[in-house]
Amino acid sequence: HESTVPDELGDPVAHAAELPEPGAVTIVVPTFNESANISELLHQITASVPARLPCEVVFVDDSTDDTPDVIHEAAQDCPFPVTVLHRKEPAGGLGGAVVEGLKAATSDWIVVMDGDCQHPPSLVPELVASGERANAGLVVASRYIKGGSRAGLAGGYRIAVSRSATWLTKTLFPRTLRGISDPMSGFFAIRRSAVTAEILQPLGYKILLELAVRSRPRQVTEVPFVFQDRFAGESKSTAREGFRFLRHLVGLRTASPVARMAVFGLIGATGFVPNLLGLYALTAAGMHYVPAEILANQLGVAWNFLLIEHLLFRERRKHRSWWDRVGRFALLANADLMLRIPLIALFVGRFGMSALTATALALVTTFVLRFAGTEALVYLP
Ligand code: GDD
Ligand code: MN
């Protein structure tokens, strides 16, 4: 009966004493107020993992209730080591918790699963065996291949959300996710050597997606599974988690400067809507079109600023104060406008371009300059 209970992160000595043999599995379970599920989960794991597959369980807990105590208590009856890492600062939510577990894991294989018994522990040996057989770095437990099902996904609404999220994600990452039918799954096995913990930026629930896109395990295989009903309690997912997921997607998709520039351009294009609406309202109210144009442009700038702050450069806001960012952003946006006319004059006068070509070229030039300026001067990397 081994059971280690270092109370906080960063107690490597206590943890190292429990290292299982190579070829073993570390089961990482994120928990947030799951006290009613712990004992059942540990029972199911005990019944599922054969003696020849040494195992340890690492709970990464952000609970505000007595879940850690309940885990310590239930761990007394377990034939394998159980560790609880209780985080004081729950950075990154579920995904952040899983990454802490990945870092603490010491076995060759790591299985990540939920703490509410929706992921059947009986599949743990099969996930690891499949990975070994296929020489894979990642084994996804999928609801969307033959033999799998989303039985425990209650209600048409959640099924619709899950389906569209899967479709959107696969559309955004067609090549990376080619062999993954269920990138939204929270149940998978990963080889410890395939985890690149330093470069992960987890944000909420979709930790498998984060790993698939940023760590890019070389070989991926899938095993079907039936998503069970929750044993006790309710899902911890909220509408806020949905927005977090969208931000996560944008963050993953804009890792390269070219992709960032594309999103910057898309956001800029949507700025025409408030700009034109403002122009219409102001001129309808009797304002001359020149000052109306200048004012309406500020409306477009404000709109772009909001979207860029919250979607594109959210993680890079911390380098400057809000006022500093607003000032610099507005300056760049208006400089763009003022630079355009002399630039067109230069292209036509010096290089003999037609007005149309010159305008197009000036637009592209000021756009690239504005993007580069925003990256370098407003949101430092
Ligand atoms: N440490 C920690 N921190 N754990 C968390 C947090 C958090 O902020 N939020 C949730 N958890 C834990 C829960 O306690 C549970 O053990 C597990 O993460 C899954 O949370 P649920 O709230 O039960 O998720 P779900 O059932 O709605 O969604 C599951 O299925 C989806 C597929 O439909 C998850 O596995 C999702 O990742 C998956 O996409
Ligand atoms: Mn659940």
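Taking amide hydrogens as placed 1.01 Å from N in the peptide plane, the amide H of residue 58 sits under 5 Å from those of 27, 28, 29, 83, each at least 5 positions away in sequence or on another chain. Taking the Cα centre of the chain as reference, the dipole from Cβ charges on Lys and Arg (+1) and Asp and Glu (-1) amounts to some 2500 debye.
Using equal-weight Cα scatterers in the Debye expression, the normalised intensity of the stretch 129-238 in log10 at q = 0.17, 0.22 Å⁻¹ is -0.86, -1.34.
May I ask for the net charge around residue 301, where only other residues with Cβ less than 13 Å from the Cβ of residue 301 are counted and Lys, Arg are +1 while Asp, Glu are -1?
On the way: positive: 325, 328, 370; negative: 293, 309, 336.
After counting each charged neighbour, the total is 0.
Using a cut-off of 13 Å between beta-carbons, work out the net charge of the residues near residue 335 (Lys and Arg +1, Asp and Glu -1, residue 335 not included).
Details: positive: 328, 340, 370; negative: 336.
After counting each charged neighbour, the total is +2.
Positive end of the dipole of the stretch 112-173 (Cβ unit charges, origin at the Cα centre): among 112, 138, 173, the Cα lying farthest that way belongs to 173. Think of the stretch 281-350 as a dipole: +1 on every Lys or Arg Cβ, -1 on every Asp or Glu Cβ, centred on the Cα centre; then among 298, 341, 308, 308 lies furthest on the positive end. About its Cα centre, the stretch 304-381 has a charge dipole of approximately 160 debye under the convention of +1 per Lys or Arg Cβ and -1 per Asp or Glu Cβ, with nothing else charged. Counted over all Cα-Cα pairs of the stretch 177-294, pairs farther apart than 19 Å make up 66 percent. Just so you know, the averaged projected area of the alpha carbon convex hull for the stretch 318-375 sits at 4.0 nm².
From the alpha carbon centroid of the stretch 170-188 to that of the stretch 298-347 is 35 Å.
Here is the tail figure for the stretch 226-381: Cα pairs spaced more than 21 Å apart come to 58 percent of all pairs. Loop-located GluC sites (Glu not before Pro) across the stretch 183-259 with a Cβ neighbour count of 13 or fewer within 10 Å are 234, with loop assigned by DSSP. Dividing the mean sequence gap of close Cα pairs (under 8 Å, 6+ apart) by how many residues the chain holds gives a relative contact order of 15 percent.
Computed over the Cα atoms of the chain, pair by distinct pair, the Kirkwood hydrodynamic radius stands at 23.6 angstrom.
Near residue 314, once Lys and Arg are set to +1 and Asp and Glu to -1 for all other residues with Cβ below 11 Å from its Cβ, the sum equals +3. With neighbour counts taken as other beta-carbon atoms within 10 Å, the residues 273, 58 rank, fewest first, as 273, 58.
Along the chain, the longest continuous region that contains none of the trypsin sites (Lys or Arg not before Pro) in a DSSP loop with at most 14 other C-beta atoms within 10 Å is 219-381.
Read-outs throughout are calculated quantities, based only on the coordinates presented, and are distinct from any laboratory measurement. Keep in mind that this is a model prediction, so the values were computed, not measured. Backbone-built Cβ (ideal geometry, glycine too); neighbour counts: all protein chains shown.
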